[in-house]
1. Send over the per residue convex hull volume for segment 9-67, Cα only, as a whole number of Å³.
2. Where does each of 84-96, 122-134 land if you order them by average Cβ count within 10 Å, highest first?
3. So if I take the alpha carbon set of segment 90-207, get Rg, then get Rh from the Kirkwood formula, what is the Rg over Rh ratio?
4. Counting other Cβ atoms within 10 Å of each Cβ, which GluC sites (Glu not before Pro) in segment 18-87 have at most 16 and sit in a DSSP loop?
5. Counting only C-alpha contacts under 8 Å and six or more residues apart, can you give the relative contact order of segment 57-96 as a whole percent?
6. For segment 17-79 and segment 135-156, what is the separation of their Cα centres, given in Å?
7. Hey, what's the chain come to in accessible area per residue, 1.4 Å probe, Å²?
8. Which of rounded, prolate, oblate describes segment 32-147, given a ≥ b ≥ c as roots of the alpha-carbon gyration tensor eigenvalues and a/c under 1.5 marking rounded, otherwise prolate only if a/b is larger than b/c?
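The values are calculated or read from the model by the stated rules, or taken from the named source; none is laboratory data. No experiment lies behind these values; they were computed from the predicted model shown. So basically every Cβ, Gly included, is an ideal-geometry build from the backbone, and we count neighbours across all protein chains shown. We work out accessible area using only protein heavy atoms, side chains counted, and drop any ligands, DNA or RNA first. Shrake-Rupley method; radii C 1.70, N 1.55, O 1.52, S 1.80 Å.
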Amino acid sequence: MKIYLVRHGEAEHNVNRNLMAHTHDSRFALTLKGRKQAERTAQFLKDKLTEKAIFYVSPYLRTMQTAQVIYAQVPKTVPFYESPLIREWELGNLYDFNDRPPELKREFKAAGAFYFRYHHGESLADVYLRAALFYNTVIQRLEAQQKYEQLVVVSHAAFIEMLKGFLLNWTVERMSDFKPVENGSVTLVGEIDGQYHAEKIFVPEVD
């Protein structure tokens, strides 16, 4: 089974992260550029997805909007599920980048990027655990069923990288310093001789 990991298109808070101080992360919509990215991604995946595809999507607004554009290209018999397991890394209920107390900065420095848990939020280690749970409860079951040939996961940068880290046995150091995941990009994960491999196969170019 091929696994396509898709990051949502550009969203409002990607342009102005200060919006996160008064709007919950789940409510940010795609920008016009983000919609165009989703359309380019949908066109890229159109010929790769068949009636034997299945979708799992983060319930956040921007991921749902991205997924719906892609889903419009496949037969309506293809299953489409929301999964809170694959939601964005939670940095707190309302996260203000301009109001980070010195004590939190010290704690972050002491704990490190992977283990630091945001107030009312998560650490990357928590996201890693969600990725492991998604693998154990969804991916393994689908692989055992052998009913589907493509799994489309529309999610967020941190979750995508933690899922890759789990599947590819990355070190904590590597996961702590993960590289940016482009909006609308597609990473293909497959298994060869019992080992998972991941390759970024598409990044939408939008002016």
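1. About 66 Å³ per residue, rounded to a whole number.
2. For the peptides 84-96, 122-134, the packing ranking is 122-134, 84-96.
3. My calculation puts Rg/Rh at 1.02.
4. Counting only loop positions with at most 16 other Cβ atoms within 10 Å, the GluC sites (Glu not before Pro) in segment 18-87 are GLU51.
5. Values: 22 pairs, mean separation 22.7, N = 40.
For segment 57-96, the relative contact order is 57 percent.
6. For segment 17-79 versus segment 135-156, the Cα centre distance is 18 Å.
7. Values: 10790 Å² over 207 residues.
Roughly 52 Å² per residue, with all protein chains present.
8. Taking the square roots of the gyration eigenvalues as a ≥ b ≥ c, segment 32-147 is oblate.
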